[in-house]
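The values are calculated or read from the model by the stated rules, or taken from the named source; none is laboratory data. The structure presented is a predicted model; accordingly, all values stated were derived computationally and were not measured. All Cβ positions, even for glycine, are placed from backbone atoms using ideal geometry, and neighbour counts span all protein chains on display. To get the accessible areas, we keep the full protein, side chains included, count just its heavy atoms, and leave off ligands, DNA and RNA. Shrake-Rupley method; radii C 1.70, N 1.55, O 1.52, S 1.80 Å.
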Amino acid sequence: MKTRLGTLKTYGIIYLQFIKNCFIAQMEYRTNFILGIAVEIAYLLSKLLYVVVVYKSDLHIGDIPPDGILMFVGTYTMMTGLYSGLFFTNFVRISDYVRTGELDLLMVKPISLQFMVSLRYIDLGMPIPNLAAGITMVSIGWSALGIPVTAYHLFLFVLYLLSALVITYCLMIIPAILSFWFVNTGGLAGIFYAIWDANNMPMPIYPRLIQRIGVYVLPFLVITNFAPLSVMERLDGGLMLWGAIVPILLLVCVRLIWRKAIKNYSSASG
């Protein structure tokens, strides 16, 4: 147990070093950093048109009112920021590592290869506007619905946000891992991005079959839906348990696929 805790502590220190190095690198080009945030704000403002339409039309999805929908859009916005900042750059680079043979150099590092290639780069600018806007929207919706701010509700919301973060990592890394076999998996990644973008509204907007697929097969709908649904007390016990278990199952599956991919890997240099 001490060894395992020591290993986790070591990886935590390494990850903090990753953050520090990325921050230093991005501060060397501060204008690009600021422009990146400005572009993300402009993109975010276009997405906020959804919110305007929802309130203008007094849209209800099932029995979820506009204030409730605002919580879903806010959660989606937060998760988009976290995905863009923590994972996107790393996942895009994996296929390049495989194609160019740079993976050979990374394989000799004395730490987990999966940890190195999937978490090495952190974009510190892109998440800022998304997290700020997302937290604001969730807070406004939460208050307007009259949901009490209790330790229990906060625990549930944070728990399912963490679950969503792990699910995001596992699902969005799949096209990158498949590049070990197919090299170019941009088409599959595009499909996953399209599914991701379809996740910005409450899942009752979709037919029951799509909901079941999106919860139990490719659980994208868990990412945006379970955190707000839990504090709105619209999740039954089975779904609450599934939301806590599915990230663990996905982590195990992704780890097994990764190991098989590494065994299948042959150096670009032969």
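Assorted remarks:
- Residue ranking by accessible heavy-atom surface, 1.4 Å probe, largest first, among TYR169, TYR43 comes out as TYR43, TYR169.
- Amide N of the stretch 30-60 lying under 14 Å from the label point, which is placed 7 angstrom from the Cα of ILE128 along Cα→Cβ: 30-42
- Förster-model FRET efficiency, 25 Å R0, ARG255 and ILE191, C-beta, rounded to 0.05: 0.65
- Highest mean packing first, where packing is the average number of other Cβ atoms within 10 Å per residue, the peptides 110-123, 200-213 line up as 110-123, 200-213.
- Close amide H pairs (under 5 Å, H built 1.01 Å from N) link ASN199 with no residue at least 5 positions away or on another chain.
- Using the rule -39500 (n - 2.57) for each DSSP H run of four or more residues, divided by the residues of the chain, the 222 nm mean residue ellipticity is -24500 deg cm²/dmol.
- Rg over Rh [alpha-carbon atoms, Kirkwood Rh] for the stretch 125-270: 1.03
- Correct choice for log10 I(q)/I(0) by the Debye sum over Cα atoms at q = 0.08, 0.10, 0.12 Å⁻¹ that was computed from the model, options [x] -0.42, -0.59, -0.79; [y] -0.36, -0.57, -0.82; [z] -0.49, -0.72, -0.94: [y]
- Using R0 = 30 Å, the C-beta based FRET efficiency linking THR136 and ILE262 works out to 0.10.
- Between GLU233 and SER143, the simple spin-label model (points 7 angstrom out along Cα→Cβ) gives 2.2 nm.
- With every protein chain in place, the chain: carbon and sulfur % of accessible area (1.4 Å): 69
- Accessible area per residue for the chain is 53 Å², calculated with a 1.4 Å probe on protein heavy atoms, without ligands, DNA or RNA.
- Rounded if a/c under 1.5, otherwise prolate or oblate - the stretch 6-89, Cα gyration tensor axes: oblate
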